Amino acid sequence: MFGSKKILQALSGKAFDIPPVWMMRQAGRYLPEYRATRAKAGDFLSLCYNPELAAEVTLQPIKRFQFDAAIIFADILLIPQALGADLWFVEGEGPRLSTINSTEDLLKLRSPDAIHEVLNPIYETVKLVSRELPKDTALIGFAGAPWTVATYMIAGKGTPDQKPAHELMSKDLKTFESLINLLTKVTIEYLSMQIKAGAEVIKIFDSWAGSLKADQFVRYSLEPIKEIIAALKTRHPNIPIIAFPRQANKQYIGFAKNTGANCIAIDNSITPSWARKYLQVDGCVQGNLDPRHMVTGGVKLVEETKKIISAFSGGPHIFNLGHGITPDANPDHVQLMIDTIRG
Ligand code: CP3
């Protein structure tokens, strides 16, 4: 048993009539109070590196909706930045990074031990939030999985098909694998520091796992995540871990068991009844309302929410969206989802 907070019990395998709930990207631009704090910080990255303001936005959705968990306000791309890559965000477009395409590029990165100098403010945010959190709310720390972070480092931006990363894999496997190994190593250290600072659950986001097929999926999504989990479990045996190999499709089957994760998070491309049959047999499942319902609301939102709860009832389940809530979402619809869940 991981602890008595509701989400920790679900992660230990307990079923609830009313499942614990939180939302990916719950602190974000759909909230007016987030937009105000972000304006005070100046921009997104300044907000990430300002522990007082980052703690404030982490707690905003908890105050408004009483979610069962808070997720620390940061980004998966802070790791590349801590390794020495340039990182900036283009308004309305997304992240941009200096690129890694050769052994020479890799050699320009800082040593893994140097990451904490840059990432210290994140550990500070974790400490601040864990002090201020309501006693029944759990704190989630997170990182991107090596493959997903590598896709951004190789392309220098988000890509629909992760083509540059696939190309590097086929043209220069040595550089590609060195990058995956480096990211695996630093991710273990980064998450371990978050746990020491007060994170009670860890989530690993492999947002682009879906573009890895067969063997590649095992080598570059499953194996690195398994290695990260094994190292964290050795150092911190009581910390539950949620894995999110987004759009893994049939490869979701057995993923939790084979990586040692305590929970598998699913996107909305798979049905709850399928997930109940093939995934919940191995333990807790997190998901998977389509984030579009947070924009459209209404009876469809209520129906779909009830359908998900009923499909997973009787087994361990954490209610969440299938992906992050979008900036055009309506906070009233989030409240409607919460009211439907909690009856
Ligand atoms: O969930 C939370 O509330 C915690 C914070 C969090 C952010 N990013 C804040 C953020 C988390 C867990 C992430 C994870 C993340 N970041 C992922 C994995 C999850 C996923 O969405 O698949 C990825 C791929 C990133 C990289 C990233 N960060 C992109 C592609 C973008 C731009 C797209 C967008 O939504 O604008 C970001 C920016 C970002 N990260 C924002 C937030 C709140 C928006 C920044 C802003 O305020 O302008």
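The values are calculated or read from the model by the stated rules, or taken from the named source; none is laboratory data. Bear in mind that the values here come from a model prediction, so they are computed numbers and not experimental data. Methodologically, a virtual Cβ is constructed for each residue, glycine included, from the backbone with ideal geometry; neighbour enumeration extends over all protein chains shown.
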(message) Take the conditions within 16 Å of the ligand (Cβ to nearest atom), of a type outside the set (Gly, Ala, Ser), at pLDDT 95 or above and under 20 Å from residue 140 (Cα atoms) and apply them to residue 59. Does it pass?
(response) yes
(message) Any residue at all in segment 3-23 that's within 13 Å of the ligand (Cβ to nearest atom) and touching a residue at least 24 places away in the same chain (Cβ under 8 Å)?
(response) yes
(request) Can you tell me which residue within segment 65-86, out of those that are of a type in the set (A, V, I, L, M) and more than 10 Å from the ligand (Cβ to nearest atom), is farthest from residue 141 (Cα to Cα)? (result) 85
(request) With respect to residue 223, determine if the residue is over 16 Å from the mean Cα position of the chain (by Cα) and either crowded, with 19+ Cβ neighbours inside 10 Å or modelled with pLDDT of 95 or more (or both). (result) yes
(request) Could you list, in sequence order, all residues of segment 87-108 that are touching a helix residue (DSSP H, G or I) at 6+ places or on another chain (Cβ under 9 Å), surrounded by fewer than 22 Cβ atoms within 10 Å (Cβ to Cβ) and either assigned to a loop (DSSP other than H, G, I, E, B) or of a type in the set (A, V, I, L, M, F, W, C) (or both)? (result) 87, 88, 89, 97, 98, 99, 101, 102, 106
(message) List pairs: first residue in segment 151-173 and free of Cβ contacts under 8 Å to residues at least 12 places away in the same chain, second residue away from the ligand (no atom under 16 Å from the Cβ) and part of a helix (DSSP H, G or I) anywhere in the structure, Cβ distance under 9 angstrom, at least six positions apart or on different chains.
(response) 170/176
(message) So residue 209 passes all but one of these: (1) within 18 Å of the chain's Cα centre (by Cα); (2) more than 15 Å from the ligand (Cβ to nearest atom); (3) small (Gly, Ala, Ser). Which condition number does it fail?
(response) (2)
(message) Restricting to segment 52-67, count the residues that are among the hydrophobic types (A, V, I, L, M, F, W, C), farther than 14 Å from residue 127 by Cβ and part of a helix (DSSP H, G or I).
(response) 4
(request) State whether one or more residues within segment 56-73 are touching a Lys or Arg at 6+ places or on another chain (Cβ under 6 Å), surrounded by 14 or more Cβ atoms within 10 Å (Cβ to Cβ) and of a type in the set (Gly, Ala, Ser). (result) no
(request) Name every residue in segment 187-203 that is among the β-branched types (Val, Ile, Thr) and away from the ligand (no atom under 15 Å from the Cβ), in order of residue number. (result) 188, 195
(request) Specify the residue that is surrounded by the fewest Cβ atoms within 10 Å (Cβ to Cβ); the eligible residues are those in segment 29-51 that are among the aliphatic types (A, V, I, L, M) and assigned to a helix (DSSP H, G or I). (result) 39
(request) Answer yes if at least one residue in segment 180-187 is under 19 Å from the mean Cα position of the chain (by Cα), of a type in the set (Lys, Arg), modelled with pLDDT of 95 or more and surrounded by fewer than 18 Cβ atoms within 10 Å (Cβ to Cβ), and no otherwise. (result) yes
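Yes or no, residue by residue, for (1) more than 23 Å from residue 75 (Cα to Cα); (2) of a type in the set (Ser, Thr, Tyr); (3) buried (at least 17 other Cβ atoms within 10 Å of the Cβ); (4) away from the ligand (no atom under 16 Å from the Cβ):
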position: 274; (1), (2), (3), (4): yes, no, no, yes
position: 286; (1), (2), (3), (4): no, no, yes, no
position: 298; (1), (2), (3), (4): yes, no, no, yes
position: 305; (1), (2), (3), (4): yes, yes, yes, yes
position: 314; (1), (2), (3), (4): yes, no, no, yes
position: 333; (1), (2), (3), (4): yes, no, yes, yes
(message) Can you go through 74, 69, 36 and tell me which one is over 20 Å from the mean Cα position of the chain (by Cα) and among the hydrophobic types (A, V, I, L, M, F, W, C)?
(response) 36
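This table checks each residue for (1) within 24 Å of residue 335 (Cβ to Cβ); (2) in contact with a His (Cβ under 7 Å, 6 or more places away or on another chain); (3) not aliphatic (A, V, I, L, M).
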| site | (1), (2), (3) |
| --- | --- |
| 257 | no, no, yes |
| 272 | yes, no, yes |
| 276 | no, no, yes |
| 283 | no, no, yes |
| 289 | yes, no, no |
(request) Would you check which residues across segment 202-229 are in a strand (DSSP E or B), farther than 16 Å from residue 257 by Cα and not aliphatic (A, V, I, L, M) and list them? (result) 205, 206
